[in-house]
Amino acid sequence: MLLQQQKETRGRERTMEAKPEEKAEFEEAEIEYVSYGGEHHLPLIMNLVDQELSEPYSIFTYRYFVYLWPQLSFLAFHKGKCIGTVVCKMGEHRNTFRGYIAMLVVIKPYRGRGIATELVTRSIRMMMESGCEEVTLEAEVTNKGALALYGRLGFIRAKRLFHYYLNGVDAFRLKLLFPPPRQVL
Amino acid sequence: MADKPVYEEASIDGQPPKLASIPASDTTVWADASPLLQAACAGLRDGELIHGDNFNLFAAMSALEIMDPKMDSGIVCTYYSIDEAIENGAAPIPISLDSTIDVRCTIDIMDHLLACEAAWHKGHSLAQTVFSCIYLLRLDRTAPHALLHSYCRIIRATCKAVVSVVSDARTHEEEDLFTMTYGLPLNGDGDDKCLSILNAVEETISRQLRACKATSSKRRLPEDLEPLQSNPNLEEGFCKALLCRLRFRKHFFHVLSCMKRPQGRGLESARKHIASCLTELESILKSADFLRSCFDESCEGDIDDKTTASGFEPIGFDAMLNSRLSAPTPPRAIKILSWKKAVEYFVKLLHDLDVICSYSLDPHLESLLRFVVQFQKSQPDLVARSHLQLLLVQDGKLYGRDPFFAVINKAAALPEATKNHDIQKNESFLQLGMLVMNLLKILCTNAAWQRRKLGKFLQDWRVIYVQLELAFRNEYGEVSSSSNDENKCMKIFQHILLWVEEQTYWIAFRFLILGFELELYSTGEYCMVYWYLYAVLIKLTEKTHLMMAVSHDTAKRKGKKKKDSPKDLARESRIPPAVLFLQCYICLAEGLTMMLAALRNEIPVFHSPSPFNTEHEKFVQHFELLQRACIPDHVSYPSYKESTTHARFSTLAMYNYFKDAQRIAKEVKSSFSNDPERLAELRKLEQVAEHNSVAQNVICRLGALDPSLKVSFEFSHHPFFATVVVKRS
């Protein structure tokens with residue numbers, strides 16, 4: 001059962017293929033970034049993710065992430081409308097304290113303007129401050145946008161996972177290693 | 001449940017049947033729980049969760065939403081069970097009372113099964129592909145239909161044989177969906193006779209074909225021969241279409257049986273059957289025109305997407321019937337390969353198997369490793385790779401024939417006599433044999449998995465080296481004059497220690513270059529990768545050169561005790577071609593490292609720091625496994641920085657490593673005139689060297705002055721040495 005669900009939670013983010021049509025007009029300063037604040041945010045996150053991904057997650061999947069690590073999830077609003085979100089977790093994994101980026105979505109009209117980068121950056125910063133040694137996620141090898149985004153943030157492609165997704169596409173395991181914390185003299 | 005559930009009529013529009021009532025048994029009674037559920041819904045406010053001791057949020061993620069078709073693999077879609085499907089006519093026998101349609105439908109089933117089989121090989125579950133065939137799920141029912149029955153039997157026997165090969169190879173991991181057969185009727189009584197059953201049917205149809213050809217003018221058939229179907233104009237076409245399909249299955253089954261024979265004894269026979277398979281596949285493709293044109297009705301949709309040659313949908317398949325058996329994945333509709341793509345897949349598979357069957361079973365490990373690496377370049381699929389692995393490693397011996405100590409003995413250039421030496425019973429030597437065996441198995445796996453395993457493997461090779469070295473020093477310490485046998489043992493240790501080092505660096509080299517094939521490195525990381533590659537290549541070349549010198553010594557001692565002629569002495573002092581080949585690699589690696597370093601140091605856009613970490617962390621991550629195994633020694637991030645921090649366009653202009661590479665490649669080509677692979681690679685290396693040499697000159701002259709210059713890296717000539725492309729943006 002667990003294995004089934006884990007295979008299902010393999011991220012199917014199709015975040016970054018920005019198309020020139022139907023672009024929203026806005027200034028970057030108009031985007032408001034908010035940390036997950038409670039149950040009232042949950043339907044917003046769910047709607048965004050369900051909209052963008054072909055396979056919806058069950059509500060329990062969302063609850064798992066936002067209940068246990070509310071400080072790692074962020075939402076982006078433009079004029080009161082939720083236009084992007086990032087959902088993460090962190091924990092001990094084989095003797096390392098590691099963060100994991102589970103979902104990242106920005107709706108199409110708002111892509112290509114650095115909103116996803118900002119969402120992820122906030123999450124990663126929080127992970128770093130919480131003592132994580134590294135951050136990881138999986139991305140489809142064909143998702144050029146995501147690979148570029150995470151590459152700019154310092155992630156490397158640590159492994160290639162053959163036929164990771166159910167449609168036969170390979171994945172990269174992306175990993176960001178934080179530098180060792182500065183020693184306080 | 002003792003009694004069958006009572007159903008309302010199955011709806012025509014394909015909605016799942018509604019249960020009118022489920023009878024209770026002696027000890028149970030049914031009660032309507034709806035009010036209870038309603039009350040429960042109202043009992044929790046938004047955001048509240050019930051906590052259980054053994055049920056946490058993580059476990060909750062595995063919860064299924066019942067009746068969600070994407071999660072509920074037990075959901076009834078069309079039919080509740082296989083039996084119900086059959087009762088509702090989903091898999092009729094005969095398929096049609098009109099014999100012409102029956103034959104065409106049978107061919108459609110054969111074609112769709114081929115497409116399913118290819119989809120399975122490509123990575124989907126057996127339950128959702130081949131065993132989505134209701135006829136196959138209840139094979140005994142097909143007995144009255146000789147054609148369908150014989151075909152289903154051989155499919156079942158073939159699948160069983162293929163599962164067996166892949167299971168035995170045991171390196172499928174990420175491809176583990178392949179061998180899941182739980183609950184599927186793969187074992188059939190009498191399947192061992194499937195070939196004779198098939199032959200009987202083939203014989204009957206052959207006779208029908210001969211008869212209809214012979215009597216086509218007289219329009220009268222021999223009394224004892226019934227025609228295949230009722231339309232005499234189509235008889236010949238149908239017979240031919242069936243024959244090539246039956247024959248393909250027969251020959252394919254033979255290929256699998258022959259290749260299974262131990263020690264490669266069946267390889268030559270297998271090649272003959274492979275050739276027959278390919279001929280029949282061609283006939284199968286050609287039959288498509290006839291099958292499409294023999295009926296007035298044309299099928300909708302793009303013919304290239306269809307899973308049958310005729311273009312019609314096959315009868316008797318339902319992928320959802322087995323959805324409970326395709327766990328652990330959630331129920332998903334999978335796309336069966338098109339019939340055309342399925343044939344293409346089998347053509348490729350057969351070509352890959354033919355390459356394996358043509359292999360000479362060379363006892364030289366070095367040649368074998370090169371063969372496997374070359375074979376993998378064509379990206380063979382799981383079934384082909386499993387067959388190769390089983391050929392190479394059987395019963396703990398190479399090809400089931402050569403003990404691994406003897407193989408190592410030869411690879412380490414030891415005299416033939418030492419291969420039976422008692423020292424092989426030593427624990428460390430036994431472990432070394434296992435390592436070589438595992439190396440061969442790993443090299444037969446898919447590139448992604450292979451690289452991960454090779455990385456972890458480095459530690460094992462390092463450890464065995466240390467162990468052997470320790471054992472050697474313990475035994476022989478400072479001994480100078482010793483007995484004959486002790487001398488032999490010393491020699492064995494020395495050779496093998498050197499050989500282990502060479503192998504270790506070869507594995508490290510393979511680990512690094514696979515990163516290019518798998519696209520694991522981004523452009524910003526190329527500099528450190530080529531630098532590390534350079535460091536590993538230096539050591540690999542050193543060990544290879546030493547190994548060759550030692551091998552030459554052994555050969556000399558074996559040869560006649562003649563005085564060295566001037567020619568021999570000259571040959572000895574020349575660098576062996578294999579070493580020159582590696583030196584060509586070294587020059588390219590060094591050239592690329594320096595060019596990339598200069599670009600980074602001189603052009604800001606090439607060096608974009610990330611907000612969360614530095615180049616140091618990336619270095620640590622990429623080379624962690626190599627560093628942990630100290631391969632090579634004294635290589636670290638600081639030494640990388642030291643080598644590259646002063647690179648500038650001015651320093652780059654001082655030496656052109658690419659010109660060296662070009663020169664070496666040109667010179668050494670004649671030594672490989674009998675080796676088409678290495679010759680081909682040398683040509684590619686020459687091209688890379690030439691292009692990069694020119695690019696370097698342009699960059700050095702204009703780099704700092706022309707901001708519009710764009711430098712990019714492509715693998716258009718060689719798989720792991722990048723060609724530098726300079727353009728004006």
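A short reminder: the numbers here are calculations on the coordinates, not readings from a lab. As the structure is a computational prediction, the values presented were derived from the model and not from experiment. Methodologically, a virtual Cβ is constructed for each residue, glycine included, from the backbone with ideal geometry; neighbour enumeration extends over all protein chains shown.
What is the helix-to-structure angle for B:34-43, meaning the angle in degrees between its Cα long axis and the longest Cα principal axis of chain B, kept from 0 to 90 and rounded to the nearest 10?
Compared with the principal axis, the helix lies near 40 degrees.
Determine, for B:D362, B:D191, the number of other Cβ atoms within 10 Å of each Cβ, and report the residues in order from fewest to most. Write out the running numbers ahead of the final one.
Details: B:D362 13, B:D191 18.
Neighbour counts put them in this order, fewest first: B:D362, B:D191.
Along the Cα→Cβ direction, 7 angstrom out, place labels at B:K491 and B:E642. What is the inter-label distance in nm?
Spacing of the two 7 Å Cα→Cβ label points: 4.1 nm.
Taking only Cα atoms, what is the 0 to 90° angle, nearest 10, from helix B:232-260's long axis to the longest principal axis of chain B?
Result, in degrees: 40.
Using amide H atoms built in the peptide plane, which far-off residues or other-chain residues are under 5 Å from A:H93 H to H?
Result for A:H93 returns A:R98.
Nearest 10 degrees is fine. How inclined is helix B:484-517 to the longest principal axis of chain B, computing both from alpha carbons?
60 degrees
Could you state, as a whole-number percent, how many of the C-alpha pairs of the range A:31-177 are farther apart than 23 Å?
Tail of the P(r) past 23 Å holds 34 percent of the pairs.
Between B:Y399 and residues 5 or more places away or on another chain, which pairs have amide H atoms under 5 Å apart, with H built 1.01 Å from N, and which residues are they?
Those lying under 5 Å, H to H, from B:Y399 are B:V393, B:Q394.
List the relative contact order of chain A as a percent without decimals, with contacts defined as Cα pairs under 8 Å and 6+ residues apart. Walk me through the numbers before you get to the answer.
Numbers: 306 pairs, mean separation 37.8, N = 185.
RCO, chain A: 20 percent.
Which loop chymotrypsin sites (Phe, Trp or Tyr not before Pro) in the range B:676-729, with loop taken from DSSP, have no more than 13 other Cβ atoms within 10 angstrom of their Cβ?
Loop-located and lightly packed - none at all.
Kirkwood hydrodynamic radius (Cα pairs, Å) of chain B?
With all distinct Cα pairs of chain B included, I get 31.1 Å.
In nm, to one decimal, how far is the modelled label at B:A59 from the one at A:L68, with both set 7 Å along Cα→Cβ?
For B:A59 paired with A:L68, the spin-label model returns 1.3 nm.
How far is it, in nm, from the label point at B:N199 to the one at B:A214 when both lie 7 Å from their Cα along the line to the Cβ?
2.2 nm
For the range B:130-196, restrict the atom set to alpha-carbon positions and state the Rg and Dmax in Å.
13.0, 41
Over all residues in A:58-67, what is the mean tally of Cβ atoms on other chains that come within 10 Å of each residue's Cβ?
Per residue, the average neighbour count from other chains is 5.
Please state, to two decimals, what the Cα-based radius of gyration of the range B:223-288 comes to when divided by 2.2 N^0.38 Å (N = residues).
1.45
Would you kindly calculate the translational diffusion coefficient of the protein assembly as shown, applying Stokes-Einstein with the Kirkwood radius from alpha carbon pairs, for 25 °C and a viscosity of 0.890 mPa s, and quote it in µm² s⁻¹ without decimals?
Answer, rounded: 76 µm²/s.
State the Cα centre-to-centre distance between the range B:237-289 and the range B:654-729 in whole Å.
Distance between centres, Cα-based: 45 Å.
May I ask you to derive the FRET efficiency for B:N88 and A:R94 from their Cβ-Cβ distance with R0 = 60 Å, giving the value to the nearest 0.05?
Values: r = 52 Å, r/R0 = 0.87.
My answer for the efficiency is 0.70.
Which value in Å is the Kirkwood Rh of the range B:583-729 over different Cα pairs?
Result for the range B:583-729 stands at 16.8 Å.
If packing is taken as the mean number of other Cβ atoms within 10 Å per residue, what is the order of B:302-310, B:406-414, B:373-381, highest first?
The packing order, highest mean first, is B:406-414, B:302-310, B:373-381.
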